[in-house]
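Notes follow once the structure below has been shown.
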Amino acid sequence: AVERTLSIIKPDAVAKNVIGQINARFEEAGLSIVAMKMVQLDDEKAGGFYAEHKERPFFGDLVSFMTSGPVVVQVLEGEGAIAKNRDLMGATNPQEAAAGTIRADFAQSIDANAVHGSDSSASAEREVAYFFAADEICAR
Ligand code: CMP
């Protein structure tokens, strides 16, 4: 089925100037970018996005990293977009990410891991709505 998933190009990848290279991987894999904006997150916006991790020991570091510089938030659309994006990203920890994945090629650590992607259809729905109003997503 055609799905939508939320993608975030994180501060490390924005700082490395690889937004275009990451977008090319999505497009080459058949995913269309149907919404996109660059934003500077604050503690409240980043903390709310990662609310499910609030009790985890890494929550503080995660929020400070995600607010350390601008991010690109985007909606990717395509056949099986949620799983396809997770395959393109590779494992959360770049040390464990398969060769040729975005995290293997562009990430340095589990915090500075270049990209985020929704992990299920329920989280995709929540995460897309967290950053985009319906009229900011362009049908293809
Ligand atoms: P992301 O997919 O954005 O979702 C939560 C983020 O927390 C994850 O990517 C990592 O960047 C970060 N993180 C830091 N430590 C851990 C950990 N031990 N397990 C999972 N995620 C972690």
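The values are calculated or read from the model by the stated rules, or taken from the named source; none is laboratory data. Please read all numbers here as calculations on a predicted model, not as lab measurements. Reconstructed Cβ throughout: ideal geometry from the backbone, glycine too, with neighbour counts over all protein chains shown. The accessibility values were calculated without ligands, DNA or RNA, using every heavy atom of the protein model including side chains. Shrake-Rupley method; radii C 1.70, N 1.55, O 1.52, S 1.80 Å.
Loop-located GluC sites (Glu not before Pro) in region 27-86 (DSSP state other than H, G, I, E, B) with a sparse environment of at most 11 neighbouring Cβ atoms within 10 Å: Glu55. Accessible area per residue was computed with a 1.4 Å probe on protein heavy atoms; Met36 scores about 100 Å². Rounded to the nearest 20, the Cβ-based charge dipole of region 1-78 about its Cα centre (Lys and Arg +1, Asp and Glu -1) stands at 120 debye.
If you sort Tyr50, Tyr130 by accessible surface, 1.4 Å probe, largest first, the order is Tyr130, Tyr50. Quick one: P(r) of the chain from all Cα-Cα pairs, 5 Å bins, percents rounded to integers, in order of increasing distance. Per 5 Å bin, starting at 0, the Cα pair percentages come out as 2, 11, 21, 25, 24, 14, 4, 1, 0.
Take region 1-82 with all the other protein chains still there, run a 1.4 Å probe, and you get 47 Å² of accessible area per residue. Over the chain, what percent of the accessible surface lies on carbon and sulfur atoms, probe 1.4 Å? Of the solvent-accessible surface of the chain, carbon and sulfur hold 51 percent. If only the Cβ of Lys and Arg carry +1 and only the Cβ of Asp and Glu carry -1, the dipole of the chain around its Cα centre is close to 180 debye. Report the FRET efficiency, 1/(1 + (r/R0)^6), for Lys37 and Val2, where r is their Cβ-Cβ distance and R0 is 25 Å, rounded to 0.05. Computed FRET efficiency for Lys37 and Val2: 0.70.
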